[in-house]
Amino acid sequence: KERVRQDKNQKDEIADLSNVFNEMMDDVEISFQKQKQFVEDASHELRTPISILEGHLKLLNRWGKNDPEVLEESLKASQQEVERLKMLVYELLELTRLESDRLELAEDFIEPVHVVEDVVKKFTLLYPSLTFKYENSLKSEMKVAIAERHLEQVLIILLDNAVKYSNGSTTVEIVTEQIQDHFALSIKDYGIGIPKEDLEKVFDRFYRVDKARSREKGGQGLGLSIAKRMVNNYKGTISADSEEGEWTIITVKLNGVIEEITQQE
Ligand code: ADP
């Protein structure tokens, strides 16, 4: 009887182990597939600027020596494509770094308002014809768990998009507020908007609502996925809401702590 029970126990253990092993292999397979997809997507995106460059080099080779117009135009276009390639490679590296958990997360809490003020000031200088309205309604001194440079980078991505897709509108609104225990940052623009069915997809790598339009504005479809990775790494969330042709709001929520300002005696 004892022997039978031992056999049964052993069998159960083997079955358990084999289940654990299978689950592990499923995870490995999923992760492998994801990486494969990433490399495929990245190669696809790199191909476009490379073929455009190739085209211009051919033009230059054939006509450039005798036709100053071709020379000027093709050189200018080539330079633009090289810029695009540089940006794309930079963004791809950033995304890979964020996805491989090598990111050092800040353990400190920062005061977000100063960071937001600084970035908004930079944009005001950069785009003098636009109005950036910043409203802060954080009641107490709220601190947030994120590295300053990451909050800065997320805000730059969101403001860049608000400008890129502004469609002639001139106001961008930035709000920081407290929602329950969270710190919330939202950027609203009155530009082209995002169709309802694309609201979640815009955070996917390489996703662009309108490929041609985004490319014309220098977009690679990576900005929002980088912002999302960054925010998620700090256990925060990012979401989009929009009315097509009217407005877009992107909201970032992060964990916050409130430090009551105590009067010194
Ligand atoms: P991109 O570099 O193409 O702007 P993002 O990842 O930053 O890439 O954004 C993905 C897509 O989401 C954009 O191509 C654009 O179609 C859409 N999008 C992002 N922000 C806005 C916005 N503020 N208004 C309208 N569309 C936007």
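Data for the structure
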item: Accessible carbon and sulfur surface of the range 163-265 relative to its total accessible area, %, 1.4 Å; result: 43 percent
item: GNM top mover of MET24, MET230, MET87 - the chain, alpha-carbon springs below 10 Å; result: MET24
item: Charged-residue dipole, Cβ positions (Lys, Arg, Asp, Glu), the range 34-166 about Cα centre, Debye nearest 20; result: 380 debye
item: Centre separation in Å (Cα based) which lies between the range 43-98 and the range 158-226; result: 26 Å
item: For the chain, calculated [θ]222 nm from helices alone, where every DSSP H run of n ≥ 4 adds -39500 (n - 2.57); result: -18500 deg cm²/dmol
item: Surface share of carbon and sulfur [accessible, 1.4 angstrom probe, percent] for the range 26-111; result: 55 percent
item: Highest-fluctuation residue, LYS65, LYS11, LYS121 considered, GNM on the chain with Cα pairs under 10 Å; result: LYS11
item: For the chain, accessible area per residue (1.4 Å probe, heavy atoms of protein chains only), Å²; result: 66 Å²
item: Percent breakdown of C-alpha pair distances by 10 Å bin, ordered from the shortest bin, for the range 110-217; result: 13, 42, 34, 10, 0
item: Cα coordinate range in the range 1-96, projected on the principal axes (Å, largest first); result: 98, 23, 10
item: Choice from ASP16, ASP181, ASP241 showing the highest fluctuation, given a GNM over the chain with Cα pairs closer than 10 Å; result: ASP16
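The values are calculated or read from the model by the stated rules, or taken from the named source; none is laboratory data. Predicted, not measured: the structure shown is a model, and the values here were computed from it. Here Cβ is always computed from backbone atoms with ideal geometry, including for glycine, and neighbour counts include all displayed protein chains. With ligands, DNA and RNA removed, areas are computed over all heavy atoms of the protein, side chains included. Shrake-Rupley method; radii C 1.70, N 1.55, O 1.52, S 1.80 Å.
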